[in-house]
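See structure below.
Read-outs: derived from the displayed coordinates by stated rules, not from any lab. In this text the structure is predicted, and so the values were computed from the model without any measurement. With ideal geometry, Cβ positions are generated from the backbone for all residues, glycine too; neighbour counts draw on all protein chains shown.
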């Protein structure tokens with residue numbers, strides 16, 4: 001009963017802070033709300049907490065809302081309160097780090113989660129041109145960098161290291177370019193952990209630092225380019241049976257090519273990743289991220305083609321990377337379509353067959369919307385009609401022609417229609 005009552009109270013506190021933060025933060029308020037919420041947090045931090053961690057997270061959300069008043073200029077006003085509460089968290093973590101028993105490690109994970117909640121609960125960062133100081137949580141991380149580094153390196157616990165990575169990722173996504181110098185310090189730490197463990201979470205953490213990159217972060221940009229190249233150099237050692245790591249690598253590439261094409265292009269590794277992905281497809285890899293990589297590649301190529309054929313201003317002008325993708329991918333599309341059809345015929349009757357067929361259909365659909373109808377007609381005709389027994393013997397020419405016709409009409413084609421034809425071409 002007490003747990004339910006506490007949770008109801010925590011929910012009410014969050015709702016009140018979302019509507020009345022100005023009044024709660026006012027010096028004329030009869031209750032010192034920040035001090036009261038800090039007291040609640042401290043009372044539930046140690047051996048026998050009375051609130052659930054979920055309820056305690058709501059208290060932290062309310063604390064962030066009240067501390068960040070006014071939200072349009074909160075850096076200086078929120079910093080003392082945020083530093084004060086985080087000081088409690090870091091004191092607790094420094095006590096827990098030397099302890100190796102399970103309870104200490106679970107407690108350490110919880111406090112790291114509290115730190116993450118506080119990061120995510122503060123308002124969006126202030127615009128660069130505003131009169132501002134340092135983001136409160138960035139200030140906290142810089143102030144306590146040695147402790148965070150100690151937690152990551154000393155514990156030698158993959159779950160704890162992964163949690164630290166998630167906390168940093170949350171900060172980088174939230175704060176952006178202001179955290180560039182901190183990102184520069186943590187990328188080597190994450191990459192060493194990735195090399196040692198093969199855990200995709202560390203790649204995800206590096207990907208989050210792309211939010212900190214800009215034309216003015218030259219050192220970070222150089223390090224990210226080297227990181228893309230390093231991941232490419234290790235890709236050939238991947239076990240295609242390790243679905244999570246394969247997905248992590250291709251998701252990392254997709255994020256790089258989509259959010260920072262000017263950096264990913266400088267690494268000059270797209271051709272390698274495309275060749276590696278195509279070979280993985282031929283070897284039977286049906287990882288969803290593999291197909292998302294191909295779909296992203298079509299979109300990158302499309303940006304280059306659209307800029308050449310349109311007289312209108314383009315919101316996201318293509319970079320040399322997009323033109324390089326176009327130049328590399330287009331001559332290889334017939335061979336790729338052939339491999340995609342062939343891979344579909346080899347899919348076994350597994351539980352993921354339907355999902356894979358959907359992914360293949362989406363990959364064809366993305367190609368249909370990225371390239372010119374004339375090109376698509378030429379490629380699909382070349383692949384489907386040059387060999388009567390391809391993709392499998394006995395397929396009626398009318399089915400092949402229907403697929404070609406559908407690929408020519410991107411506004412008519414749907415994943416469902418393509419999937420139906422793929423089943424007739426490759427499965428039945």
| query | In which sequence would 336, 172 go, from the one with the fewest C-beta neighbours within 10 Å to the one with the most? | reply | 336, 172
| task | Only Cα pairs under 8 Å and at least 6 apart count here; give the relative contact order of the chain as a rounded whole percent. | result | 9
| task | Please find the FRET efficiency linking residue 88 to residue 233, where r is the Cβ-Cβ separation and R0 is fixed at 56 Å, and quote it to the nearest 0.05. | result | 0.85
| request: Evaluate the distance, in nm, between pseudo-label points positioned 7 Å from the Cα of residue 31 and of residue 339 along their respective Cα→Cβ axes. | output: 6.3
| query | For the stretch 132-177, what number results from the quotient of the Cα radius of gyration and 2.2 N^0.38 Å? | reply | 1.23
| said: Please list, by residue number, everything in the stretch 108-129 whose backbone N is under 15 Å from a paramagnetic label point 7 Å out along Cα→Cβ of residue 214. | reply: 125-129
| query | Among 197, 155, what is the fewest-to-most ranking by other Cβ atoms within 10 Å? | reply | 197, 155
| said: Run the Debye formula on the Cα coordinates of the stretch 319-428, all scatterers equal and no solvent, and tell me log10 I(q)/I(0) at q = 0.11, 0.20, 0.22 1/Å. | reply: -0.33, -1.07, -1.27
| Binned Cα-Cα distance frequencies in the stretch 40-124 - 5 Å width, integer % | 3, 14, 25, 24, 17, 10, 5, 2, 1
| task | Mind pulling the angle between the C-alpha long axis of helix 53-67 and the longest principal axis of the chain? Nearest 10 degrees, somewhere in 0 to 90. | result | 80
| Between 99, 237, 299, which gets the highest mean-square fluctuation from a Gaussian network model of the chain, Cα cutoff 10 Å? | 237
| request: Starting with the fewest neighbours, write out 42, 86 ranked by other beta-carbon atoms found within 10 Å of each beta-carbon. | output: 42, 86
| message | At 222 nm, what value in deg cm²/dmol follows for the chain if DSSP H runs of at least 4 each add -39500 (n - 2.57) and the sum is divided by all its residues, to the nearest 500? | response | -23000 deg cm²/dmol
| Binning every alpha carbon pair distance of the stretch 224-265 at 5 Å from zero, what are the percents per bin? | 5, 23, 30, 23, 13, 5, 0
| field | Angstrom value of the Kirkwood radius, inverse mean 1/r, which spans all Cα pairs in the stretch 87-209 | value | 14.8
| said: Rounding to the nearest 10 and keeping the result within 0 to 90°, find how far the Cα-based axis of helix 320-329 lies from the longest principal axis of the chain. | reply: 40
| remark: Computed on Cα atoms only, the convex hull of the chain has an orientation-averaged projected area in nm² of 25.2
